[in-house]
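In what follows, a single structure is set out as structure tokens and then discussed.
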Amino acid sequence: MSASEQPVAPPAPSPAVLVIDDDAAMRAAVRRFLEREGYEVTESASGRDALARLRDGTAVQLVVTDLKMKDGSGGWLLAQLGYEFPSLLARTLVMSGDAAGASAAHVVARWRCPILPKPFGAAALIDALQALERAG
């Protein structure tokens, strides 16, 4: 078999990302950033909705969540992921407008999830997710 006849491996599937934020504009921006890089995105408006989706079988490799939300905050969601989906917890990125605050410090100390300070650009988001992919 010549080199030109070698079977070509199919491209690796795009990682699926669950984006959780109660701010619709922020979710849309994150979706656009991720889809431009080839990620498949599922959106959720709250930690409770996100957990319900995961329990119902939504398959994702990465999670991007806001820390402060009205219904099922990021901190609550991280605790639930730790109990129900521990392997996914290690592949979770937390966004926060108060990245230097006590809540963010608790997330880093307790759950070992990286914090992405808001506001951020596409490059910072993609770099943070790629670091999680390499680590995980």
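Relative to the longest principal axis of the chain, what angle (0 to 90°, nearest 10) does the C-alpha long axis of helix 74-84 take?
60 degrees
Rounded to the nearest 0.05, what FRET efficiency do residue 102 and residue 131 give with R0 = 25 Å and r taken as the Cβ-Cβ distance? Could you check?
It comes to 0.55.
So how tilted is helix 122-135 from the main axis of the chain? Cα-based, degrees 0 to 90, rounded to 10.
80 degrees
Where is the GNM fluctuation largest for the chain (alpha-carbon springs, 10 angstrom cutoff): 122, 105, 25?
Of the options given, 25 has the highest mean-square fluctuation.
Over the chain, calculate the relative contact order: mean separation of alpha carbon pairs under 8 Å at least 6 apart, over the residue count, as a percent.
Reported as a whole number, the value is 21 percent.
Hey, what number do you get for the chain at 222 nm if only DSSP H runs of n ≥ 4 count, each worth -39500 (n - 2.57), divided across all residues, to the nearest 500?
-13000 deg cm²/dmol
Whole Å is fine, so just give me how far the alpha carbon centre of region 14-69 lies from that of region 96-136.
For region 14-69 versus region 96-136, the Cα centre distance is 15 Å.
If you keep only loop residues by DSSP, which trypsin sites (Lys or Arg not before Pro) in region 64-136 have at most 12 other Cβ atoms within 10 Å of their Cβ?
Within region 64-136, the qualifying trypsin sites (Lys or Arg not before Pro) (loop, at most 12 other Cβ atoms within 10 Å) are 70, 112.
Taken together, the values in this text are just the output of simple stated rules run on the coordinates, not laboratory data. Please read these numbers as outputs of a predicted model, since none were measured by experiment. Backbone-built Cβ (ideal geometry, glycine too); neighbour counts: all protein chains shown.
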